[in-house]
1. Would you please name the residue that is nearest to G228 (Cα to Cα), looking only at residues in segment 163-186 that are open to solvent by 40 Å² or more (accessible area, probe 1.4 Å) and part of a helix (DSSP H, G or I)?
2. If the Cβ limit is 7 Å and pairs must be 6+ apart or interchain, which residue in segment 257-282 that is within 27 Å of I164 (Cα to Cα) pairs with which residue that is at pLDDT below 90 and part of a helix (DSSP H, G or I)?
3. If we scan segment 194-207, do we find a residue that is under 29 Å from Q271 (Cα atoms) and without any contact (Cβ under 8 Å) to a residue 60 or more places away in the chain?
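The values are calculated or read from the model by the stated rules, or taken from the named source; none is laboratory data. Keep in mind it's a predicted model, so treat the numbers as computed, not measured. In this analysis, Cβ positions are derived from the backbone assuming ideal geometry, glycine residues included, and neighbour counts consider all displayed protein chains. For the accessible areas, the whole protein counts, side chains as well, though only heavy atoms, and no ligand, DNA or RNA atoms are used. Shrake-Rupley method; radii C 1.70, N 1.55, O 1.52, S 1.80 Å.
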Amino acid sequence: MSDKLKKFFQKKKADVKFKRAGPGHRLNEGTSTAKTVAKPGETSRACRVEPTDEAKQAAAAALARFESKKTTTGPLNISLAAIKSRARKEMEVERKNVDQNIDTFTCLEEENTSAEAPGQLAASGIFFQCPMIGLEVLPQEEWHVKIEEFIKEQMKDDPILQSILLIQNCNHNRTKIEECIKLLVTYAENIIRNKDEEKYRKVRLTNKTFVEKVLPIKGAIEFLESIGFIRKRLMYQEQEEDFLVFPEECLCNLASVQSSVDDLQSAERIQLVLDRNAQVLLPSQASKQVSLPAEFFMVSTAEIKAEQQKRTEKLESEMILKTKNMRMKEQNRYKSNYKYCLIRVKFPDCLILQGTFSVNEHLSDVLEFVKESVFDEERPFKLILPSGIMFGNEHENKTLSELNLVPTTVLLFTNDPPENNEEHPYLKDELMALVQ
């Protein structure tokens, strides 16, 4: 990627990092006033930095999502004693029902997802962050709109870079993007290699290949115009048609055209990062919220049309004796329908931490999520399946799909008790505040 593109992305990353650092202070301001003395018997904690305006907006958006899912208008109960008491009572009720050894959450069936009311969904949707642009947490479609607006605003003084970023980020079919880029490169390289031949400097806008591969891609025509092409009406087969023409006076700028082509081929997409959409649930809430929203699935039009045929095949399949390998292949084919999965981690105090992951993420990502959520990040812990299987170091680099944790899984959290016997919640304060 060219230096111009690298500098742009580095600048945006630095801007976001600066925003996350919080408000600054003058060099001549004293820092002694920020120090506080802990009272006897109290555990000291690091001073928190005042959040930025963007962080406050993101937090407000997250709280709004939780508020929209509330079924009552009562205030949030964030009393630690009340939360622990409620969780223990619910666990006692759950233990009485010893006949049901399998967690409700793990019994999810694909056909039940669409029948559930929105209030019973395990997650309100799939959300993303975009470190390159800001701190908001938004659905993917909203980010697509925001990224396009960002590119048009930030790059309005650099039409070449703007068109390249539009091509890479504002079109979602990667195959069509690659076909378009290949054709744009061909147009430019034909001019560079054959600058004395006029036919290579004209592109008919009604040409079938142009209409199918270039016209539908956002930013493609803008790229051609930014490197020198202009629109003209020319005679073609005894009638006038619209053309893009590379003027003869622009042939002296072919080095710039080659540089733009190199940028086009090496440009990167602005990446979205999956937001964990962390929630903390009581056992009763976890048992009710068991269905996944539609965003968790990859369902094509052809698959929808073939749904009835699949059900018929399923009935026939259940009547056939199969080997273990045959059944494993069928299970893997079923799991390939999922893009995301929901992981719930049950703690000894009966609270349940929930997070959203891509099926291609690794167990190490789940471990990192749990580590960042617990009160004591330095104390080692293990995650165990309800069946008793414990995950070790050899599992950390395997994907969640490979570990059969898709689409939903409950894991049990275990660690050694603290040496000083101090009682505190397993989860951090900001997560405990999410308990309703």
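1. The residue in question is T186.
2. Once the first residue is within 27 Å of I164 (Cα to Cα) and sits in segment 257-282, its partners that are at pLDDT below 90 and part of a helix (DSSP H, G or I) give D263/L5; A267/L5.
3. First, pick out the residues of segment 194-207 that are under 29 Å from Q271 (Cα atoms): none.
No, segment 194-207 has no match at all.
Quick grid of which residues meet (1) open to solvent by 50 Å² or more (accessible area, probe 1.4 Å); (2) in contact (Cβ under 8 Å) with a residue 24 or more places away in the chain:
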{"position": "V366", "(1), (2)": "no, yes"}
{"position": "K371", "(1), (2)": "yes, no"}
{"position": "F375", "(1), (2)": "yes, yes"}
{"position": "P386", "(1), (2)": "yes, yes"}
{"position": "T408", "(1), (2)": "no, yes"}
